[in-house]
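The values are calculated or read from the model by the stated rules, or taken from the named source; none is laboratory data. No experiment lies behind these values; they were computed from the predicted model shown. Glycine also receives a Cβ, built like all others from the backbone with ideal geometry; neighbour counts cover every protein chain displayed.
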Amino acid sequence: MLGFALLFPWILFLTEWSTVRIQEPFVLYRSYLWMPGLFFALPLVFGWLTFKRAYIVPGLVSLLLVPLALNRLDTFSSNIKLWDDAEKLVRGRAGVFGIERVYYNRGTELGKLKRYDEAVADFSKAIAIHPFDFVYGNRATAYYFMGNYRQALRDYDSAIALDPDNANSYYGRALTYRALGGFAAAQEDLRKSCALGLCP
């Protein structure tokens, strides 16, 4: 029985290693290096307990983990909660690689919920860190839905300046021109959008 108890952690580790470390190299943060050591420690810790207590103690420890599990389940229950949680981890930590993605993704989710003011704030933070064309485009879309067409037009111009081959930016700018009464400019942008593969 002790031999199996010593072999079992290695079976779990090899399973984890082959799936997480080979198949999913981008989710290494979910892999805990201390887990094999934990399974090696279990027989040593519980070997001193009577058979009955060896069942009771892990049960009590499991109950203590319930609040943490519920917290994680709540965080992963929606995309907005997930990105809120990620933002808490990077808040105030300037210079963290990829931090703009957190604000861009949360802004995108806020836009889907029609919380455009908050979306604009997050897109602005992302732009301040690294000005990608698609972030300008998403902020322009948020401004468009807020009725702030002049600011939307400026952001679509910035997006097109960064990537002149993005059909979405031309299409969004065409809608904005149309909302402002610039039908000739809107028609021209629709032609460019179609030429790049996006024909409404």
- Within the set of pairs 6+ apart or on separate chains, which have a first residue in region 50-61 that is surrounded by 11 or more Cβ atoms within 10 Å (Cβ to Cβ), a second that is part of a helix (DSSP H, G or I) and modelled with pLDDT under 75, and C-beta atoms under 6 Å apart? Ala54/Phe46
- Determine which member of the set Val90, Val135, Val102, Val96 is in the same structural domain as Arg173 (by TED's automatic domain parsing), surrounded by 10 or more Cβ atoms within 10 Å (Cβ to Cβ) and under 26 Å from Asp189 (Cβ atoms). Val135
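To keep it simple, each residue is scored yes or no on (1) touching a Pro at 6+ places or on another chain (Cβ under 7 Å); (2) under 26 Å from Ile129 (Cα atoms); (3) modelled with pLDDT of 85 or more.
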| position | (1), (2), (3) |
| --- | --- |
| Leu65 | no, no, no |
| Leu82 | no, yes, yes |
| Glu87 | no, yes, yes |
| Gly92 | no, yes, no |
- Could you check how many residues of region 150-174 are part of a helix (DSSP H, G or I), over 26 Å from the mean Cα position of the chain (by Cα) and surrounded by fewer than 19 Cβ atoms within 10 Å (Cβ to Cβ)? 5
